[in-house]
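This report concerns only the one structure given below.
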């Protein structure tokens, strides 16, 4: 089977041949990575072992029809982009029926969702509205029985997830914040619940509960519980204090040795369905495996790996998939001895910045945040169709901005200063001065007596004591280039470089403000904090204040066009000034709110605009006649840029998407 990249490249060619030029609204921009991101859980379709579902941390469900070799974005569960999907169960009787548990990081909200069309559409369970569903289990002996763990307690459904009832005591001060659930393989009324403070058990469907903490260190968070499918008396539990095993159905646990204390946050336990002596432990410092029922453990991956879920193919237990933070899905075909990325088609990347190489337009660099060693900067040499990580030397820093210097060098803005790409390795720029040039002290006159009387002489003023130079280690939010100068908006002021980013100096007094955005065109440089703006019309030599539009509560994006127009955007919309900010106006038909990016496309003589929120539209304003166009891309966008004969956009959470080449996708003239 061809990989995703070749398949999508072929689709580009097909679109060129088969789709005529049209002004009709057609959505469907194509995702092209960079692959990877946060994968939370993997579940198999019991009716088709090749068919897998994957839950993410942004509310999206992905599916694979070839055991995880390739993925396709299936549907968004709910109407939020911050739903964490840690639990997916495919009904063992009805193949199109799926139940998903969702929660929100840092919030007391979530829900339980069901689908009856194989995950294409979803509906929320009314009784679970607003509940953070942290765990979900299906009874092996009665497929209609589902049990869910929530922050409020334990819920049960006897009709495949259509209706739910609380089976733990209402208002219990003990059985709440339920992180893990397991059901006895032979008796659906025997349920184990792991809370943020020890494990619990019911043997009568929730009528009575008992604390099964014997042998467990007090006040342990229980992340995972599994019951041996052939011997229900064997129960494993993972907690912040280690891994425990019981051989009498939870009456007594004993602590399993072998996993170091630094990796004790074992998020998931998974037993080999064919070999009960093999158990995998996914921890915050890699994957461990035991082949002797927990007597000894061996780490099967590097310590940098955070494992959220382990899936073992029941038909071929050498096939093991890991759902990980930042690294996406990793696959093994040798029982966990080795792993390789299996993320083709899956991208949950948060891209912040984008720069196209001016010497080679098909070469694109993107920067991202929240991925640490898995992120940094990625480069594409074919217009965004495939990507290679380029983060050597970045020290796993988040990248907030990218720019290109006059000599072609790429610079990256991080939370800890500026880095410059030398070959394929980044190095931190250390020559950064935050001191404004001191004016020469005025001469001092003095009257002295001489034999001929008195006369006035000029006395050289004593040199001022040089202030202590501050080391620059602050966040760099934005770059722009104008002529031979490179500018940066930072938390310590506006910086300027005249040597292609090798050294930097403060361009103007920062006055204690954080400068977030900067843009330029034809020697005009516009920079802004959240509430103020400065304009230079002489290549950064002098700066004048610009009054923002009174409607804007915060400035989130700026641009300068080639005709001298200044553009500003924010939550209230986008505004244009032709008189250096004296007056501001809206552009006819460009009605967009919560603006997050404004970009001047010099070659296309247009302004490109994207916005946050539920909109999936991108906008352009053609400068000569201010004619507005827009595209329904089908994605929530962070920014959009021109590339040859098509557009490329960065999404909020899903990597790069590309407008089909040679096709005017969803362009509508107003």
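The values are calculated or read from the model by the stated rules, or taken from the named source; none is laboratory data. Note that this is a predicted model, so its numbers are computed, not measured. Cβ atoms come from the backbone with ideal geometry, glycine included; neighbour counts cover every protein chain shown.
The set of residues in the range 472-490 being modelled with pLDDT under 95 and part of a loop (DSSP other than H, G, I, E, B) consists of 472, 473, 474, 483, 484. Report, by residue number, each residue of the range 609-620 that is part of a strand (DSSP E or B) and surrounded by fewer than 22 Cβ atoms within 10 Å (Cβ to Cβ). Correct list: 617 only. What residue, of 81, 117, 86, is within 24 Å of the chain's Cα centre (by Cα) and outside any strand (DSSP E or B)? Within the list 81, 117, 86, the selection yields 81.
Sort through 33, 55, 37, 28 and tell me the only one that's more than 16 Å from residue 656 (Cα to Cα) and at pLDDT 50 or above. Step through it out loud before you land on a result.
Details: 33 fails: more than 16 Å from residue 656 (Cα to Cα); 37 fails: more than 16 Å from residue 656 (Cα to Cα); 28 fails: more than 16 Å from residue 656 (Cα to Cα).
Unique residue meeting the criteria: 55.
For residue 408, the requirement of being surrounded by fewer than 10 Cβ atoms within 10 Å (Cβ to Cβ), out of contact with any strand residue (DSSP E or B) (no Cβ under 8 Å at 6 or more places or on another chain), closer than 27 Å to residue 34 by Cα and at pLDDT 70 or above is not met.
Looking at the range 271-294, which of its residues are farther than 14 Å from residue 234 by Cα, out of contact with any helix residue (DSSP H, G or I) (no Cβ under 6 Å at 6 or more places or on another chain), outside any strand (DSSP E or B) and free of Cβ contacts under 8 Å to residues at least 40 places away in the same chain? Matches in the range 271-294: 284, 291. Among the criteria (1) in contact (Cβ under 8 Å) with a residue 12 or more places away in the chain; (2) more than 33 Å from the chain's Cα centre (by Cα); (3) surrounded by fewer than 15 Cβ atoms within 10 Å (Cβ to Cβ); (4) under 28 Å from residue 244 (Cβ atoms), the one residue 206 does not fulfil is (3). Among the residues of the range 230-245, write down those that are surrounded by 14 or more Cβ atoms within 10 Å (Cβ to Cβ) and either part of a loop (DSSP other than H, G, I, E, B) or over 39 Å from the mean Cα position of the chain (by Cα) (or both). 232, 234, 240, 241, listed by residue number.
Against the numbered list (1) part of a loop (DSSP other than H, G, I, E, B); (2) within 18 Å of residue 648 (Cβ to Cβ); (3) without any contact (Cβ under 8 Å) to a residue 60 or more places away in the chain, residue 379 comes up short only at (1). In the range 133-152, the residue that is nearest to the chain's Cα centre (by Cα) out of those that are surrounded by fewer than 24 Cβ atoms within 10 Å (Cβ to Cβ) and farther than 17 Å from residue 227 by Cβ is 151. Is it the case that the range 579-593 has a residue that's buried (at least 16 other Cβ atoms within 10 Å of the Cβ) and within 25 Å of the chain's Cα centre (by Cα)? There is at least one residue in the range 579-593 that is buried (at least 16 other Cβ atoms within 10 Å of the Cβ) and within 25 Å of the chain's Cα centre (by Cα).
Each residue in the range 161-183 was checked for being surrounded by fewer than 20 Cβ atoms within 10 Å (Cβ to Cβ), in contact with a strand residue (DSSP E or B) (Cβ under 9 Å, 6 or more places away or on another chain) and part of a loop (DSSP other than H, G, I, E, B), and 5 of them qualify. Restricting to the range 337-356, name every residue that is assigned to a loop (DSSP other than H, G, I, E, B) and exposed (fewer than 15 other Cβ atoms within 10 Å of the Cβ). Those that are assigned to a loop (DSSP other than H, G, I, E, B) and exposed (fewer than 15 other Cβ atoms within 10 Å of the Cβ): 337, 338.
So, of the residues in the range 357-385 that are closer than 16 Å to residue 646 by Cβ and surrounded by fewer than 21 Cβ atoms within 10 Å (Cβ to Cβ), which turns out to be modelled with the highest pLDDT? Steps first, answer last, please.
Looking only at the range 357-385, we keep the residues that are closer than 16 Å to residue 646 by Cβ, and these are 361-364, 380, 382-385.
Those still in the list that are surrounded by fewer than 21 Cβ atoms within 10 Å (Cβ to Cβ) too: 361-363, 382-383, 385.
Numbers: 361: 80, 362: 89, 363: 93, 382: 90, 383: 88, 385: 88.
My answer is 363.
Of all residues in the range 90-111, those that are at pLDDT below 90 have Cβ atoms under 7 Å from Cβ atoms of residues that are crowded, with 23+ Cβ neighbours inside 10 Å and part of a strand (DSSP E or B), 6 or more apart or on another chain, in 105/84.
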